[in-house]
Structure formats: C-alpha cells, structure tokens
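The values are calculated or read from the model by the stated rules, or taken from the named source; none is laboratory data. Note that the coordinates shown come from a computational prediction; the quantities given were computed from them, not determined experimentally. Note that we place each Cβ from the backbone using ideal geometry, even for glycine, and neighbour counts take in every protein chain shown. Ligands, DNA and RNA are excluded from the accessible area calculation, which covers all protein heavy atoms including side chains. Shrake-Rupley method; radii C 1.70, N 1.55, O 1.52, S 1.80 Å.
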Amino acid sequence: MAFSPAAQFPIYPPPQYGGPGVAVKRPREFACFSYDKDHAFRLDDSSLKWYYPPILPADLSKGADTFVKHDDSIDEHLDSLLATIQSYEQQKGEAIDAHIVTWRGMLTKIMAAPYDGDAFEMNATLYRGSIFIEENHAFKQQKQQQENNRPRRNGFSSSLMSFWGYKFETLSTLPRPWGEISRDYIENRDNEVVNNKEQYCSVVRTGFGNSIVCIGGEVDAIWDAKPENPGEPINWVELKTSAEIREARDQVNFDRKLMKYWIQSFLLGVPKIIVGFRTQKGILTRIEELQTMNIPKEVQHRRLVSWDGNVCIKFTSLFLDWLRANITDEGVWRIRRAHRSNVIELFRVEEVGHGNIITDDFMNWRIKL
Ligand code: A3P
Ligand code: MG
Ligand code: MG
C-alpha cells in the first residue's frame, strides 16, 4: 500500500513544555452507557457500582477459576461511544461540538508520552468537523501478547495478576447503594463471581487549550450518589491494586505509576483513587485513599521521580492543535509512536471513507442532521 508521507510531531524533553500553562476545562458527564454481565450494550447506568470498603485481608486469587472474562480479541472500535453520542444528539436535535472524540485510553497514552516510552498506534478519521480516534486493535493485541509472555518477578502469570485487579473491584463495590444491600451480601463479596464484561462508562465533554474533547471511559464506582444537577462534579472512585511498598525502590516505582493513575482519573474528572496494596503473592492487606488533585504535588514533594502534570496537559494540547491542523481531509489516518521514539507520526492509510471507525448507524444519523 502506498502511504502518504508522514508528518511528525516532536516529543521534546519535558522542560520545554514549561512556561505558562494552558486552559483546561473540568470534565462534565453528558451521557453514559453500560455493558451488562454478557457485555450487551445498554443506554443506561445499570452497571454502576457503589464503593464500599473491602474486608481485609483477602486473597485476590480466590475465584480465578470461575472468572467470567471478556474476550478482547474482538475489535469494538468506537461503536458504543458513537451509539451513546447519537442518542444524545437525537434528544438535542444537534451534533455535539467536540473537535476530538475518543476513548479515555487514547488520551492517556498521549498525555503520558513526554515521560514514558510506550509505543502506540491509533486510527483517526475526520467526519463532519470532529476527529474520531480509535486504538489500532491489531497493534494492541500484538503488544498484549508480548506483555503476557514477559516473565514476572513473583512467578505469577500475567493473566492471574490481571485477575487480581478485577477481584479487587468485586471486593470493594456493591451493585446498589449501601442502604439497599443486605449485610450478608457485603460480608460475602469474596464469594461473588468476578466478571469483567460488565462496565459502566461515562461520556464527558472537556477541553485542552483550543480543543473541545469528548471522551468515553470506564468508571469503577461512585462514592455516594450522582448529583441532582447534570454537569456537577460526580464523586467517582477509581480502584487500583499495587504491590506493597517495602523499600525505597518500590516507592520510586509507585510514584512513576501514580502518573498513569493521575492522568486516567484527571481525564474523566475522577476525584478519588482507592489503592489496594497487596503482597507479592496477591494477598490484599491495606487500602489507601488518594485525592487525584493532590497526586502531582505529593509526588513532587517526595522528589523520587519527576513528572509534571502541567507538562502532560500542555503537550496534549499542542498535539491536538497539530492533529487538527494536519487531518483536514477524509480517509483513515494512522497516529503512531514507536517504542521510545521522540516523535509521533501521522500518515494516511486510506484515501477515502472512514474505515471502520464510524458506524453506518452514526453516519446515517449525522447525514439526516
Ligand atoms: P489494576 O489497575 O488494579 O491492576 P482499571 O484500573 O483501569 O480500572 O483496570 C482494572 C483492572 O484491569 C486492572 O486492575 C488490571 O487488573 C486489569 N487491566 C487493565 N489494563 C490491563 C492491561 N493492559 N493488561 C492486563 N490487565 C489490565
Ligand atoms: Mg476500571
Ligand atoms: Mg480501576
């Protein structure tokens, strides 16, 4: 296939993104959707979970043999995000005003790029004034394979370690608010079947400098209840597991990891992160509450690693300006960063159409508009 010549966006060393910051908007949820226990799409909040502290200690491996695991070999593109946006637009009678529409995971990769060397590949297309960005599924699968084959220090398989994260979610949440749940359920969450097909996803409108961005992403739980007025901040909770911090080196690794936690939560406006600390063997021993907003200054105060949230924001804002200046025509574009590369490349892989990024349903709806 003959590719158009690549345009390149440089990833300079972080100090070059100093100086005055850029305006950011607070993310506001304007729609949501759920996947039920069979991963069927539902235009509602039926899979929302309420946070309730887990009973300690707990064995995170328990129930791994009955794990109902989502098959991620299927490429889901932006389908559910588009269906949710479409339904919102049908109620409003107009298109949303976002310049960029994507999953939270894509922006997490961009925001982290000045500090990590992770490779990524995305597909993008311009349709009716918005750039839609999806992950390049084949690339993701390939990368996941490599990750699964990487030997682990503690001798556990990466699939079991990934189960630990979902098990922690089951141990720390309730399917309905606390007042509507029996004591018995709360005390026996350890016996619940772990199922990662079920998800609640928030769809927000936010801003990076000149760009209005619509992001869809999974939210693990809510602290209390959604506010009365739409658009008000929501007390979301992000759940994370991490190995116990035993020596100085562990704290260094954790502070590095906190950058990803912070970015991920910042993007959807999640104010609180609950970290479940576990032993090397997967016993959950302790939980700690972090306020997302305070993470950058706490990490800076410890001075073990240096990352600056403002740099992540400024970099992303400049990148989105550049992307919008370069994707000006139809077709499918590839956004690519090779491992440790200091450029993000952009080139056209299809000259016409929108590939599989935009669904027929969404296109037919927008044509009518
Ligand atoms: P931990 O983050 O506690 O390890 P999220 O935190 O984003 O809500 O994801 C929930 C869990 O999904 C993670 O829990 C982890 O177990 C699993 N997970 C997420 N991304 C993963 C990846 N790239 N590879 C393997 N497991 C992953
Ligand atoms: Mg999650
Ligand atoms: Mg989580």
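Points worth noting:
- Identity of the residue in segment 145-163, assigned to a helix (DSSP H, G or I) and surrounded by 14 or more Cβ atoms within 10 Å (Cβ to Cβ), that ends up nearest to ligand 1 (Cβ to nearest atom): Ser162
- Contacts under 7 angstrom Cβ, first residue in segment 309-325 being under 14 Å from His99 (Cβ atoms), partner open to solvent by 10 Å² or more (accessible area, probe 1.4 Å), 6 or more apart: Ser317/Val22; Ser317/Gly209; Phe319/Phe9; Asp321/Gly209; Asp321/Asn210; Trp322/Phe9; Arg324/His99
- Scanning segment 164-176 for residues that are assigned to a loop (DSSP other than H, G, I, E, B) and either within 16 Å of ligand 2 (Cβ to nearest atom) or farther than 23 Å from Pro54 by Cα (or both) turns up just one, Pro175.
- Listed by position, the strands (runs of 3 or more DSSP E) enclosed by segment 177-257 include none that has at least 1 residues that are loosely packed, with under 14 Cβ neighbours inside 10 Å and touching a strand residue (DSSP E or B) at 6+ places or on another chain (Cβ under 7 Å).
- Apart from one condition, Arg303 fits all of (1) among the charged types (D, E, K, R); (2) open to solvent by less than 70 Å² (accessible area, probe 1.4 Å); (3) at positive phi; the exception is (2).
- Any hit, segment 344-362, residues being in contact with a strand residue (DSSP E or B) (Cβ under 7 Å, 6 or more places away or on another chain), of a type in the set (D, E, K, R), at pLDDT 95 or above and within 18 Å of Glu238 (Cα to Cα): no
- Residue in segment 267-276 that is closer than 28 Å to Ala58 by Cβ, within 16 Å of ligand 2 (Cβ to nearest atom), open to solvent by 30 Å² or more (accessible area, probe 1.4 Å) and in contact (Cβ under 8 Å) with a residue 40 or more places away in the chain present: yes
- As a summary of the residue check, Tyr115 satisfies the conditions (1) among the aromatic types (Phe, Trp, Tyr); (2) surrounded by 19 or more Cβ atoms within 10 Å (Cβ to Cβ); (3) over 19 Å from the mean Cα position of the chain (by Cα) except for the one numbered (3).
- Residue match in segment 131-142 (condition: at pLDDT 95 or above, at negative phi, part of a loop (DSSP other than H, G, I, E, B) and away from ligand 3 (no atom under 16 Å from the Cβ)): yes
- Of the residues Cys214, Cys201, the single one that is in contact with an Asp or Glu (Cβ under 8 Å, 6 or more places away or on another chain) and either in contact (Cβ under 8 Å) with a residue 24 or more places away in the chain or away from ligand 1 (no atom under 12 Å from the Cβ) (or both) is Cys201.
- Counting only residues that are over 20 Å from Val204 (Cβ atoms) and within 16 Å of ligand 3 (Cβ to nearest atom), segment 241-271 holds 7 of them.
- Some residue of segment 308-323 being open to solvent by less than 20 Å² (accessible area, probe 1.4 Å), under 30 Å from Ser46 (Cα atoms) and in contact with a strand residue (DSSP E or B) (Cβ under 8 Å, 6 or more places away or on another chain): no
- Of all residues in segment 138-161, those that are closer than 17 Å to Asp59 by Cα have Cβ atoms under 9 Å from Cβ atoms of residues that are within 16 Å of ligand 2 (Cβ to nearest atom) and open to solvent by 90 Å² or more (accessible area, probe 1.4 Å), 6 or more apart or on another chain, in Ser159/Lys69.
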